[in-house]
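Just below is one structure, and these are the notes that go with it.
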Amino acid sequence: MRTFYTLTLTEWLEAWKEWKIVWLPLFFIALGVTQPLLLMYMDVLLEHVGNADGIIVDPNRSAPQPLDVFSTTIQGQFNQLGLIVLIMSFMGLLASDRQTGMQDFILTRPVSRKVYLLSKWFSHSMISLFGILIGATTSYGLTVYWFGSLSPILALRIISDFSLWTLFVVSLTLLISTYLQRAVPIGILTLVVSLLLVALPSLLPDVLFFTPGALLSAHSTASLFSSSHLIDVTFCLVWIALTLGWSVLRFRKTDY
């Protein structure tokens, strides 16, 4: 346990040196502000933007609902541009140590490969969730301020769903890192697989309901609690456990 704590603390200190603890929350704050801001001031933006002739905004259109605004921000902005930046931030979680020789240095000490791997997963997961939470909280505050009240419990559930999905993406990155040597191919493959896991359940919900990306499907915000949502959460947790277990087994059998 002491070794796990030391390795995790080292990752956090490295994140501080790289300013990741600062720029990642700032990035998600910017993402969280963008969607409510665009919806709130769409008319003003269209009036001042160039080449907007012919664009007509229906004056009788219904006002955006707080739930729609917030869920679109989290499951849209965060899961598109946010996902790309997240993967870029942790795609080198093993590759960087491997290339600098730090991995060999650590593993020649009395450190088990399992502890080393799980400390990487835990530290990068917490850093990612920290940035997501800061950005989502900012988005929630603006959504409530501009568009009306939104149940904090429902907002927390939307954030929790995306956070759980993020944990899976970190696990997936870790697994791919045990097969590939360089950070860029790891990041590209992780992004492609993640996008497929989100897109395919939307196209075939009755067939691919067991995939982790099903957690971000549209029905997950239909009600506060539902059996289908609990099933999605359970499957995502199972996939995280399976991916981590596979990563540990693969890493134990691999010599770099």
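The values are calculated or read from the model by the stated rules, or taken from the named source; none is laboratory data. It should be emphasised that the depicted structure is a prediction, and the values quoted were computed from it without experimental measurement. When we count neighbours, we look across all protein chains shown, and the Cβ atoms used for this are built from the backbone with ideal geometry, even at glycine.
Yes/no per residue for (1) in contact with a helix residue (DSSP H, G or I) (Cβ under 7 Å, 6 or more places away or on another chain); (2) modelled with pLDDT under 85:
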{"position": "Leu180", "(1), (2)": "yes, no"}
{"position": "Val193", "(1), (2)": "yes, no"}
{"position": "Ser227", "(1), (2)": "no, yes"}
{"position": "Val238", "(1), (2)": "no, no"}
State yes or no: is Ser112 farther than 25 Å from Met1 by Cβ, among the polar types (S, T, N, Q), surrounded by fewer than 16 Cβ atoms within 10 Å (Cβ to Cβ) and at pLDDT below 95?
no
Look through Ser149, Ser125 and report the one residue that is among the small types (Gly, Ala, Ser) and in a loop (DSSP other than H, G, I, E, B).
Ser149
Look through Val170, Val207, Val193 and report the one residue that is without any contact (Cβ under 8 Å) to a residue 24 or more places away in the chain and surrounded by 15 or more Cβ atoms within 10 Å (Cβ to Cβ).
Val193
